[in-house]
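Worksheet: one structure, shown below.
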Amino acid sequence: MTTKATTYDHGVPWEEEFGVTQGYRANGIIYISGQFSHDMQGGFVGEGDFEAQVRQTLENLDRVLAGFGVTRSSLAEVVVYLTNPREHFERCVALYKEYLGGHRPAATLVGVSGLAFPHQWIEIRAVAHSG
């Protein structure tokens, strides 16, 4: 069965400016763009506070999932990008496990030299299913 592709956006100004969508569903699979720590006006949240960045990033991920009518239990794959995994790995894992509870999607953590903003320490992209 083929389903029509649909998209979800947070409604922040830079989505249109950069030509991105937060999520794209095709054939029951939801591809979620890298989420990071921003509010719904597009402003960065949590500069200098790793836990605040992680929590806001996960909240944004939840918004995308909800936009497609699913929850975090629909996550099939999660990719976490960290700019300083040596410093933040353990806290990141603890917050990630708290977020997912007993759900265990496929996961990858990648250490990177930088992300879109110099004060950004984490970004999370994911794939989920809607059926």
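Here, each number is a calculation from the coordinates, and none is a lab measurement. Everything numeric here is computed off the predicted structure, so don't read it as measured data. Glycine gets a Cβ as well: all are built from the backbone with ideal geometry, and neighbour counts include every protein chain shown.
List of remarks:
- Under-5 Å amide H pairs with SER33, H placed in peptide plane, nonlocal only: GLY23, TYR24
- With the simple model of a label 7 Å out from the Cα in the direction of the Cβ, THR7 to SER73 spans 3.1 nm.
- Extending 7 Å from Cα along the Cβ direction at ASP49 and again at HIS103 yields two label points whose distance is 2.5 nm.
- Phi angles of the stretch 25-36 translate, via the Karplus equation with coefficients 6.51, -1.76, 1.60 and θ = phi - 60°, into HN-Hα couplings of 10, 9, 6, x, 10, 10, 9, 10, 4, x, 9, 9 Hz per residue; Gly and Pro are given as x.
- A simple charge model with +1 on the Cβ of Lys and Arg, -1 on the Cβ of Asp and Glu and nothing else charged puts the dipole of the chain at about 580 debye relative to its Cα centre.
- Summarising the amide proton neighbourhood of HIS38: residues at separation of 5 or more, or on other chains, whose placed amide H is nearer than 5 Å comprise VAL45.
- Taking amide hydrogens as placed 1.01 Å from N in the peptide plane, the amide H of VAL12 sits under 5 Å from that of no residue at least 5 positions away in sequence or on another chain.
- Ranked by how many other Cβ atoms sit within 10 Å of their own Cβ, fewest first, the residues ILE122, ILE29 fall in the order ILE29, ILE122.
- The stretch 37-52 - phi-based ³J(HN,Hα) in whole Hz, Karplus 6.51/-1.76/1.60, Gly and Pro as x: 8, 9, 8, 7, 9, x, x, 5, 10, x, 4, x, 10, 4, 4, 4
- Expected 222 nm ellipticity per residue - DSSP helices of 4 or more, -39500 (n - 2.57), all of the chain, to 500: -9500 deg cm²/dmol
- Residue-wise HN-Hα couplings along the stretch 113-125, as the Karplus relation 6.51 cos²θ - 1.76 cosθ + 1.60 with θ = phi - 60° gives them from phi, are 7, x, 10, 4, 10, x, 9, 8, 9, 8, 8, 10, 10 Hz; Gly and Pro carry x.
- Sequence-separation-based contact order of the chain, relative, with Cα cut under 8 Å and 6+ spacing, percent: 30 percent
- For the chain, the longest principal axis of the alpha carbon atoms and the long axis of helix 85-100 meet at an angle near 40°.
- Each of PHE50, PHE18 was scored by other Cβ atoms within 10 Å of its Cβ. Listed from fewest to most, they are PHE18, PHE50.
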